[in-house]
Structures are given as C-alpha cells and as structure tokens.
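A quick write-up on the structure given underneath.
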Amino acid sequence: MSFNADTAGGPRDGLVCYYGEPEWTNARFTLVDVMDNLGGTGALVIARQQNGSVETRRVDFEDITGLDELTDGMDSESLAGYQRLELSVNRSIYCQIIWPQASTERLLASLTHSNRQSQTV
C-alpha cells in the first residue's frame, strides 16, 4: 500500500474489507462532495481490483450512519499515518477501510457539510 499524493481532493489508495469477506483488498477511495442538480448528496466511491476487473461501489453520504475508529492491528510501522475505520450504512456494518488519516478528516468535513445541506433542502 502506498500513499497516493494527488491533489488534496484526489483519490487515495488504501485497503478495504467488506462485511462478510475474509480478506483485505487494495482499493482506491474518492470523496465526491458536491451536490448534484437532482438534490443528491456527495459520496464515498470505493474502487478495487476484483477477479481481474475493477469493482466500484458508491456510498452516498446520507446513507452513512456510523463511522468508528478501530486500532487493532494498526501498530505496525508500515501503517504509520493511516487510520482504520468501520463504516456503517443504513445502520448495518458495511466495510472496514484503512486509508491515510487526512482522508478521515476530509470525510468528516464532507459528512458535516452534506448533513447541513440535506437539512436546508
């Protein structure tokens, strides 16, 4: 796993493990935090290599109901600067992710902004 030093809002590399799956896989995470003309909220887009093709999943900010930091297994030097999170969608565990800590800060800011936008619509 390597840090992808794109622009501040660009994609970030990390790992994902979806609920019910036994293994972590390499993934690229992109935060899309602009409202579209149809009133939709921003989203977290997760792309991973799976069985020779790229699988992409979109999680709308409005569907994220939980975000918990996990510390198990994060004491390795190779994971310095990374954070492990458990993401819940519609009150069910959706996945765990390991990504740069700055991405968590940006996700929290995006969720806060999205929540304010949905309350004014």
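Quick note: the coordinates plus some simple rules give every number you see, no bench work behind them. Note that the coordinates shown come from a computational prediction; the quantities given were computed from them, not determined experimentally. Using ideal geometry, Cβ is built from the backbone for each residue, glycine included, and neighbour counts are taken over all protein chains shown.
Odds and ends about this structure:
- Distant-in-sequence amide H partners of Gly42 (H built 1.01 Å from N, under 5 Å): Phe61
- Distance in nm between pseudo-label sites at Ser92 and Gln50 (7 Å out along the Cβ direction from Cα): 1.5 nm
- Value of D in µm² per second that Stokes-Einstein yields for segment 56-114, Kirkwood Rh from Cα pairs, at 10 °C (1.306 mPa s): 130 µm²/s
- Cα gyration tensor, segment 12-120 - rounded (a/c under 1.5), prolate or oblate: prolate
- Net lengthening on full extension, Asp13/Asp63 (0.36 nm per residue, minus Cα-Cα): 15.7 nm
- Derived scalar couplings between HN and Hα for segment 94-101 equal 9, 6, 10, 10, 10, 8, x, 4 Hz in order, rounded to whole Hz, by the Karplus curve 6.51 cos²θ - 1.76 cosθ + 1.60 (θ = phi - 60°), x for Gly and Pro.
- Once the Cβ-Cβ distance of Glu23 and Leu108 is raised to the sixth power relative to R0 = 22 Å, the FRET efficiency obtained is 0.20.
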